[in-house]
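I have placed the structure first, in the form of structure tokens, so that the comments after it can refer back to it.
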Amino acid sequence: MEFYNPFYFLLLLLIIPYVIWYVMNHRKSTPSLKVSTLAGFVHYRRTWRTWLTHVPFLLTIVGFTAMVCALARPQTANSWSNTSVEGIDIMLCMDVSTSMLAEDLKPNRVQAARDVAMEFINGRQNDNIGLTVFAGEAYTQCPMTMDHAALLNLLSGMDCNMAMRGMLEDGTAIGMGIANAVSRLKDSKAKSKVVILLTDGTNNRGDISPGMAADIAKSFGIRVYTVAVGTNGTAPYPMMVGGRKEYVNVPVEIDTKTLSMIAEKTDAKTYRATNTDKLFQVYEEIDKLERTKMNVRKFSKRYEAYQTFAMVSLLAFAVALLLKATILKRIP
């Protein structure tokens, strides 16, 4: 613990004259009575009130000392700690094209995928995890990190609004999504490097084909687990008509052949998630992968720690005043 204003400790010197004053004044203020003999007081014993006489004085010193410590602004020091953990390097590669708004998974595909991914992250405290999102183009939403609180915060904001509003080109650029995730994993020293690709469509955008992206991933020893999201046949898709939400059944077009090819090339597996429960299967598969020891460096932020000293000061002064006003009260 450090003190931001240590010069306030000079105020503790005031305790010295206060002690001198108390000792000198105590003798003068103690009531006395002159008697001819002390024979009648030989067997007199001091009561418990006598032993408490100096307690308010001691409490006042404690309260003043604690108050000075609070004024000196105690703070916990910034610190770094190094720990070794075993984990996997993982990039989540999530499709956020407008087709992910289909509601064959509840409440819709993108929210179901997001909720399962958040639960997956919460259960993997020792893994280095990042997030890539893609539609017609791809970008890194969060680089690999062990700060899962920050990752979850960014993941909670993942939706299809960017593609809907034209901020992100709509479509499905599977190859670009994989390439973006691979660029974050390629320099990793972990034994197991994984991309979890989740999409509901067929590749129709991007400068890099899914096959080429799979070859790049394979060259870096990265496994790409592919998850095809959506039911077979058709899926209800929400559309605004005259200010009202109407549903249209749209055909589900997923290139499962390409997704299987990507997984096979990278020695991984492909899944078809027709409901939320099946989404968990791919994440359970990750638990079987070989883990790598990683050195994690954590930073502890400085914060104010005056509260305890302030509470001790207030309590000491309050008890001292209470004793003087009740059981130690003197009547002249």
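General observations
- Of all residues in the stretch 127-143, those that are in a loop (DSSP other than H, G, I, E, B) and surrounded by fewer than 17 Cβ atoms within 10 Å (Cβ to Cβ) total 1.
To keep it simple, each residue is scored yes or no on (1) out of contact with any Lys or Arg (no Cβ under 9 Å at 6 or more places or on another chain); (2) β-branched (Val, Ile, Thr); (3) closer than 19 Å to residue 270 by Cβ; (4) not assigned by TED's automatic domain parsing to the domain that holds residue 121.
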position	(1), (2), (3), (4)
188	yes, no, no, no
194	no, yes, yes, no
199	yes, yes, yes, no
210	yes, no, yes, no
214	no, no, yes, no
220	no, no, no, no
225	no, no, yes, no
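- For the stretch 224-248, the candidate set comprises residues that are closer than 21 Å to residue 203 by Cα and either free of Cβ contacts under 8 Å to residues at least 40 places away in the same chain or charged (D, E, K, R) (or both); within that set, the residue that is surrounded by the most Cβ atoms within 10 Å (Cβ to Cβ) is 234.
- Pair list, Cβ under 6 Å, 6 or more apart: the stretch 115-136 residue over 12 Å from residue 286 (Cβ atoms) and in the same structural domain as residue 193 (by TED's automatic domain parsing), other residue assigned to a helix (DSSP H, G or I) and of a type in the set (Lys, Arg): 130/184
- Any chance residue 56 is modelled with pLDDT of 65 or more and surrounded by 10 or more Cβ atoms within 10 Å (Cβ to Cβ): yes
- In the stretch 249-268, the residue that is surrounded by the fewest Cβ atoms within 10 Å (Cβ to Cβ) out of those that are in contact with a Ser or Thr (Cβ under 8 Å, 6 or more places away or on another chain) and in a loop (DSSP other than H, G, I, E, B) is 253.
- Residues of the stretch 161-185 that turn out to be closer than 18 Å to residue 114 by Cβ, at pLDDT 90 or above and either part of a loop (DSSP other than H, G, I, E, B) or aliphatic (A, V, I, L, M) (or both), as a count: 2
- Residue within the stretch 147-154 that is in the same structural domain as residue 225 (by TED's automatic domain parsing) and in contact (Cβ under 8 Å) with a residue 40 or more places away in the chain present: no
- Selection of the stretch 206-230 for residues being touching a Phe, Trp or Tyr at 6+ places or on another chain (Cβ under 9 Å) and either assigned to a loop (DSSP other than H, G, I, E, B) or not β-branched (Val, Ile, Thr) (or both) yields 206, 225, 228.
- Yes/no for residue 310 being in a loop (DSSP other than H, G, I, E, B) and modelled with pLDDT of 80 or more: no
- Within the stretch 187-205, residues that are over 17 Å from residue 160 (Cα atoms) reach partners that are in a loop (DSSP other than H, G, I, E, B) and small (Gly, Ala, Ser) with beta carbons closer than 6 Å, at six or more positions or on different chains, in the pairs 204/171.
- Single residue of 227, 252, 248 found to be touching a strand residue (DSSP E or B) at 6+ places or on another chain (Cβ under 6 Å) and closer than 22 Å to residue 91 by Cα: 227
- The residue that is farthest from residue 103 (Cα to Cα), counting only those in the stretch 257-274 that are of a type in the set (Val, Ile, Thr) and at pLDDT 90 or above, is 266.
- Within the stretch 86-100, one or more residues are assigned by TED's automatic domain parsing to the domain that holds residue 161, closer than 23 Å to residue 176 by Cβ and assigned to a loop (DSSP other than H, G, I, E, B).
- Of the residues making up the stretch 191-222, those that are surrounded by fewer than 22 Cβ atoms within 10 Å (Cβ to Cβ) and under 18 Å from residue 285 (Cβ atoms) are 191, 192, 221.
- Within the stretch 11-23, the set of residues being among the hydrophobic types (A, V, I, L, M, F, W, C) and either at pLDDT below 90 or surrounded by 10 or more Cβ atoms within 10 Å (Cβ to Cβ) (or both) comprises 11, 12, 14, 15, 19, 20, 21, 23.
The values are calculated or read from the model by the stated rules, or taken from the named source; none is laboratory data. Since we're looking at a predicted model, the values are computed, not measured. Here Cβ is always computed from backbone atoms with ideal geometry, including for glycine, and neighbour counts include all displayed protein chains.
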